[in-house]
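The values are calculated or read from the model by the stated rules, or taken from the named source; none is laboratory data. Fair warning: this is a prediction, and the values are worked out from it, not measured in the lab. As a convention, Cβ positions derive from the backbone with ideal geometry for all residues, glycine included, and neighbour counts pool all protein chains shown.
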Ligand SMILES: Nc1ncnc2c1ncn2[C@@H]1O[C@H](COP(=O)(O)OP(=O)(O)OP(=O)(O)O)[C@@H](O)[C@H]1O
């Protein structure tokens with residue numbers, strides 16, 4: 001309890017601009033190899049309670065059966081920053097994710113596409129420690145997410161699909177809160193809040209309540225919150241939904257620099273054009289399974305990614321049986 005109070009009082013100071021902050025924006029874009037040195041260890045337990053869902057816990061044995069320490073070390077050595085094996089989640093009669101495997105190398109810009117209900121959000125939620133799988137394993141940067149969620153979450157930045165934002169805070173307070181919850185010191189957070197506000201074009205909105213933001217502004221401030229601790233891996237569920245093209249271009253530029261410096265972005269999107277243009281790797285998920293994955297050029301082959309997606313997801317047959325629609329009633 002004392003720790004929570006300490007974190008809060010530090011946050012309160014942060015909403016007042018601090019001239020002494022000297023953090024360079026480039027530091028924000030580089031995944032933080034030495035981040036632990038500037039963290040406040042006591043904050044960790046406040047920050048990272050293990051999330052559970054209504055589905056209830058699965059057995060740890062089932063979740064981590066495929067994993068062991070040697071395997072983790074091997075994966076990191078070979079540049080794999082995210083490894084998903086046999087990931088499975090069932091809701092009632094719905095098998096949302098079905099023994100899904102995914103391998104993401106460090107420094108990738110990895111797109112995940114799939115039709116509505118394909119299991120993208122469920123997969124990303126299990127990868128980021130927000131939803132406990134029924135079976136399978138997830139390893140991020142060599143850490144088994146479900147064996148040690150707190151350690152894994154330190155290396156991940158998350159933009160969840162259904163945003164639950166503390167919207168009675170101002171933008172500045174929300175970002176400060178996100179940074180200190182991740183264990184960053186007040187000075188570091190203040191500098192990064194300034195940088196993030198600038199690059200996301202939110203400077204004028206920092207003093208306003210997030211509840212008064214537009215949908216796109218909420219998305220941007222949430223993206224900023226996901227990045228503030230310079231995680232090794234950014235997992236973003238539909239990050240550009242509601243974001244205007246100018247802001248989206250800026251965010252893409254930020255993410256490109258981040259990836260260029262060794263960070264990894266895993267994002268879901270319904271825009272095939274975006275994935276083809278921006279991502280270097282893609283996985284097409286249909287009915288909870290990966291139907292194709294690899295470098296974008298390999299997955300799409302001689303056709304566009306959209307064509308390939310429609311082939312795999314069965315989009316071409318949509319109009320069959322709908323002839324009544326053109327019989328026009330009057
Ligand atoms: N909490 C839940 N309870 C019951 N069913 C769920 C729950 N979450 C997801 N599902 C079901 O799991 C399946 C996969 O859903 P998910 O949200 O992962 O799909 P998605 O690929 O992200 O879809 P979209 O593109 O529409 O966002 C769907 O059939 C959905 O109805």
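Residue count for segment 306-317 under the criterion of being at pLDDT below 80 and under 22 Å from residue 112 (Cα atoms): the result is 3. Within the option set 162, 154, being at pLDDT below 95 and buried (at least 21 other Cβ atoms within 10 Å of the Cβ) holds for one residue only, 154. Going through (1) out of contact with any strand residue (DSSP E or B) (no Cβ under 7 Å at 6 or more places or on another chain); (2) within 25 Å of residue 252 (Cβ to Cβ); (3) crowded, with 19+ Cβ neighbours inside 10 Å one by one, residue 176 falls short only on (2). When residue 119 is tested against (1) buried (at least 17 other Cβ atoms within 10 Å of the Cβ); (2) more than 14 Å from the chain's Cα centre (by Cα); (3) at negative phi; (4) within 12 Å of the ligand (Cβ to nearest atom), exactly one condition is not met: (3). For residue 215, the conditions (1) at negative phi; (2) at pLDDT 95 or above all hold with the exception of (2).
Taken residue by residue, segment 250-262 has no member that is in contact with a strand residue (DSSP E or B) (Cβ under 7 Å, 6 or more places away or on another chain), within 16 Å of the ligand (Cβ to nearest atom) and not in a loop (DSSP other than H, G, I, E, B).
Every residue in segment 89-113 that is within 12 Å of the ligand (Cβ to nearest atom) and touching a strand residue (DSSP E or B) at 6+ places or on another chain (Cβ under 8 Å), please. Once the filter is applied, which keeps residues that are within 12 Å of the ligand (Cβ to nearest atom) and touching a strand residue (DSSP E or B) at 6+ places or on another chain (Cβ under 8 Å), segment 89-113 yields 89, 90, 95, 96, 97, 98, 100, 112, 113. Exactly one residue among 169, 175, 159 is touching a helix residue (DSSP H, G or I) at 6+ places or on another chain (Cβ under 9 Å), within 16 Å of the ligand (Cβ to nearest atom) and more than 14 Å from residue 97 (Cβ to Cβ), and that residue is 159.
Among residues of segment 104-127 that are farther than 21 Å from residue 152 by Cβ, those with a beta-carbon under 6 Å from a residue that is near the ligand (Cβ under 8 Å from one of its atoms) and in a helix (DSSP H, G or I) at least six positions away or on a different chain give the pairs 114/120. Does segment 201-224 include one or more residues that are closer than 19 Å to residue 154 by Cβ and not in a helix (DSSP H, G or I)? Within segment 201-224 (the criterion being closer than 19 Å to residue 154 by Cβ and not in a helix (DSSP H, G or I)), the answer is no, since none of the residues qualifies. If you go through segment 230-240 and keep only what is in a loop (DSSP other than H, G, I, E, B) and in contact with a strand residue (DSSP E or B) (Cβ under 6 Å, 6 or more places away or on another chain), you end up with 231, 238, 239. Selection of first residues in segment 227-245 that are touching a residue at least 24 places away in the same chain (Cβ under 8 Å) and over 18 Å from residue 128 (Cβ atoms) and of second residues that are assigned to a loop (DSSP other than H, G, I, E, B) and within 16 Å of the ligand (Cβ to nearest atom), restricted to Cβ pairs under 7 Å at least 6 apart or on distinct chains, gives the following pairs, ordered by first then second residue: 240/269. If the condition is being surrounded by 17 or more Cβ atoms within 10 Å (Cβ to Cβ), outside any strand (DSSP E or B) and within 16 Å of the ligand (Cβ to nearest atom), then segment 272-304 contributes 272, 274, 275, 288. Checked against (1) touching a strand residue (DSSP E or B) at 6+ places or on another chain (Cβ under 7 Å); (2) farther than 19 Å from residue 241 by Cβ; (3) crowded, with 20+ Cβ neighbours inside 10 Å; (4) touching a residue at least 60 places away in the same chain (Cβ under 8 Å), residue 138 passes all but a single condition, namely (4).
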